[in-house]
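The values are calculated or read from the model by the stated rules, or taken from the named source; none is laboratory data. Worth saying up front: this structure is predicted, and the values here are computed from it rather than measured. Here the Cβ positions follow ideal geometry from the backbone for every residue, glycine too, while neighbour counts run over all protein chains shown.
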Amino acid sequence: MKNIWLMTAAVSAVVVSCGTVQSLVQNTFPYTANVLVSTGVPADKEVSSTATATNVQTWFGGNNNAKIKDVRISDAKISVVSPSGGNLSALKSVKVYISSNGTGEKLVASRSNITTDSSSLNLDINDTGYLDEVVKSSGLTVRTVYELKNQTSSDMNLKIALNFNSVPAS
């Protein structure tokens, strides 16, 4: 009898923890995009770069976005991913827009007056409402508009990481 009780408790704990993990995975999901800042980019001029964003669902060939609703931006981060390292001190400002295959563009994050020597920086999110239509599309496009303080002496690879929150669709 004692073994049955312990077995039931263990199975219950596993089921609850799996449900919790599944809930976290479904309700918070990341998208990433890469931006190349080349040496020829002039300082004090806004430059735009567009890339298709990827998330974990596209890595594994699935698309569970139809099962979510009330999608909002929850976090945005920019970081240097150049093999030689580097920092964000050359950046003056950055704005991140998302769209569905290039249409319906919305500003989701930005930062101006950047004064950091760090290799990563959290951006200020622009929570202007639900992003269901954009995120549920098959092609999420990220357009990054940046301005440099100084022209860079070598190419710089940046990674834009966007996290979204949602609730399961009923």
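Worth a mention:
- For region 127-136, filtered to residues that are assigned to a loop (DSSP other than H, G, I, E, B) and crowded, with 18+ Cβ neighbours inside 10 Å, the residue that is modelled with the highest pLDDT is Leu131.
- Annotation note: of Ser99, Ser110, the sole residue that is crowded, with 16+ Cβ neighbours inside 10 Å and without any contact (Cβ under 8 Å) to a residue 24 or more places away in the chain is Ser110.
- Test: residue in region 58-75 that is modelled with pLDDT of 90 or more and closer than 30 Å to Thr152 by Cα: yes
- Residue satisfying condition, being outside any strand (DSSP E or B) and hydrophobic (A, V, I, L, M, F, W, C), within set Leu162, Leu158, Leu88: Leu88
- Selection within region 137-155: residues that are assigned to a strand (DSSP E or B) and polar (S, T, N, Q). The member of this set that is nearest to Gly85 (Cα to Cα) is Thr144.
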